[in-house]
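Single-structure report; data block below.
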Amino acid sequence: MTLPPGWPDLSSGDEALLTPLLGCSPAQFLQVQQGVDMPRLMEALQDWSAVRLGALGPVRDDAAPLLQRKRAAFLVTATERYGPALAEVLALFVLHSAHDDEVDELLRLLARDKLLGQTLGLMPAVREELETRGLKLSKYPDRAEQAGDVLRGLGRAARDALSSTQASDGSRYMALSALRGQLPAPYQHALDEVERALVQRHFSPGNVVLGSFDALTFGVPLGFYHLVAGMSHGAYALSQGQYEQATRELAPASLLVALYAGGKGVRALSEARGAPGAATGGPRRLQSPELRLRALKEMARQLEARLGVDGLRELARDIQASREAGRFVAVGGVDAALALHQARGDVARAQAMMSKARPEATGSSAARPTSKRAGAAERPGGLASLVDERVGLTQEVVEARLAAVELDSAGPRLPKDVAVLEKQRPALDAPPPGAQGNPRWSEYGAYYENRVAELKQGKATQGPLRWEAYERMWGWFTRGLAFERLMVELLRADAALPRALRRFLGDFHNPRIEMYVGVWKPKSGLRFADVLVIEQQPPPAGQPPRVETFSFKSRNLSLLRKEALTAQLKADASEALAYYGGTLDIRRSSLQPLLREGSVVPVQRLRLIYQGGDLKPSKAGKLEAIVEDVREDFPGVEVLFQ
């Protein structure tokens, strides 16, 4: 997006700083933050303006603590100035603007300053909202009384006395009116309802039925400005009626997920439907909120078709749960949303899945700290030795895939008790027997420290692998990567041969070999094929291009008896067919020009290729019979040993 020249001028005032951002989608908001000193920008804003900024989408990590402090200060000021009844509506806006991990930090700040009971503790609807999100106030007791609290209480009493004067009433009304105009329509209606009840002198917390509060559980302020902002002669304005229409026409989960996952997709859809500049190649501007809502509804429909209603609700909660999840989906778009749902809200696992296809689309670097690992990665035989960008194995992909293998490893682990782990942390200068000179020992130390940090932050559910298990896991991981690299090189060499001489790709005229392609199926969700081969020569009209998929396995099958070997091969064939066979929705955008009839295409052949050599069962006759048995049970799968 285009920002005004010289923005941000921190001396220009809050509205000048905020206005250019009010039309951002969460993805655009994240992009803008990359070139801005966010802590300084956040510091320059008044508390309410900081709250509005936080409603645009996930705030960068270095500015997030300051945002929570300003949110806390706003809640305290609003409760003192407007009373608990009116402040309750504002508090709900703050909660709906924040992810769960941010709310947790906010509650801790208030409790640490002995202000939680005097603010949110007085608000029944807020307490109910917090409980539905698993954040009961009873888990955040206010700290004990301190001597300074007496002076603070006297100061508050003086402010209360001053605020009771007529002049102060007028000032408060003007301030509240200005603030009200910057809220979405449902919050404006709730404020009006509370004010009417106060005028009638029948109000006490919990005794007024606020019908508008049903709409306030909507939670859409996690990026809602993308929907309601429109452009008029270069200036942004809020279209509150559009927000109301969205609340009526879209389920809360559908709108929240579409706002985050839609990103560029919603913008492209609305531009394609007639926004000025779309056809002329000029600057693209979303002049019509109606077009934007129509595009948003289409995006929500597509997501619901893939995930179902329950799946959308689960995904909406996953996005709401953490700023990291919101950032991941906002940057990665629909595929990141599908990956997060597939990973059941586990951002680290979803990042690993996405990194197989597009390392730049993971949405966060926080889950994969690399500063400690970078030095170790440069050692011979370390992580850097596995990088091979020719076949798509960038540093980010290797790290993400190693993280995914670690998450699935069944090896013995240390306890997840942080206190125990901190006492038992490995000494890098005193490796255990067998680890001397091993380049992975220093990497294990970095891995161990990262896991301890993740456990402290609540981002991990398992303790670190023991050293021996980590070393075995690494061995399996590197062997698998080496086999994948070998197979990709074989396929590329095969594609360069005349068709009659090819071993694997003889059915293609002009094959295109792609690694880690995201593919979607309704039952298995988003997965990434080790290799997908697609025909580049245009097919006859009305027919999809030829597509074949490959799944590579590096398993030690040499010691398995017949029954166990048969079971393993059939399990692998069943999984491969479920993920990469049948009909696939190909998600990689660079392949869309080859998919003229749409991204959903049939797979003509699926090959499951095992690493041979010492890993292959020794009795060839027995193996041939088992492979034939697997082919009969799974006719869409061809089993080979290389």
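Some points to look at:
- Cβ-based exposure ranking for Asp633, Asp100, in which fewest neighbours within 10 Å come first: Asp633, Asp100
- Rg over Rh for region 371-480 works out to 0.95, both radii taken from alpha-carbon positions and Rh defined as the Kirkwood radius.
- Rounded to the nearest 20, the Cβ-based charge dipole of region 497-641 about its Cα centre (Lys and Arg +1, Asp and Glu -1) stands at 220 debye.
- The Rg/Rh ratio for region 417-517, using Cα coordinates for both the radius of gyration and the Kirkwood hydrodynamic radius, is 1.24.
- Taking the fewest neighbouring Cβ atoms within 10 Å as the starting point, the ordered list for Glu88, Glu43 is Glu43, Glu88.
- FRET E, pair Leu486, Arg413, Förster distance 22 Å, beta-carbon r, rounded to 0.05: 0.10
- Sorted largest first, extent of region 497-641 alpha carbons per principal axis (Å): 49, 38, 24
- For region 1-140, the Stokes-Einstein estimate of translational diffusion at 25 °C and a viscosity of 0.890 mPa s comes to 157 µm²/s, using the Kirkwood hydrodynamic radius over alpha-carbon pairs.
- Theoretical FRET efficiency, 1/(1+(r/R0)^6), r = Cβ-Cβ of Val405 and Arg172, R0 56 Å, to 0.05: 0.40
- Average projection, convex hull of the Cα set of region 473-544: 6.8 square nanometres.
- Likely footprinting exposure, Tyr187, Tyr140, Tyr580, fewest C-beta neighbours within 10 Å first: Tyr140, Tyr187, Tyr580
- Estimated FRET transfer efficiency when R0 is 25 angstrom, pair Lys562-Arg472 (beta carbons, to 0.05): 0.45
- Simple spin-label estimate for Lys622 and Arg69 in nanometres, 7 Å along Cα-Cβ: 6.9
- Charged side chains reduced to their Cβ positions (Lys and Arg at +1, Asp and Glu at -1) give region 377-498 a dipole of some 320 debye around its Cα centre.
- Using θ = phi - 60° and Karplus 6.51 cos²θ - 1.76 cosθ + 1.60, couplings along region 529-546 (whole Hz; Gly, Pro as x): 5, 4, 9, 10, 10, 10, 6, 8, 6, x, x, x, 3, x, 10, x, x, 5
- Residues of region 486-508 with amide N under 12 Å of a point placed 7 Å along Cα→Cβ from Thr394: none
The numbers here are math on the coordinates, done by the rules we state, and not lab data. Note that the coordinates shown come from a computational prediction; the quantities given were computed from them, not determined experimentally. All Cβ positions, glycine included, derive from the backbone under ideal geometry; neighbour counts span all protein chains shown.
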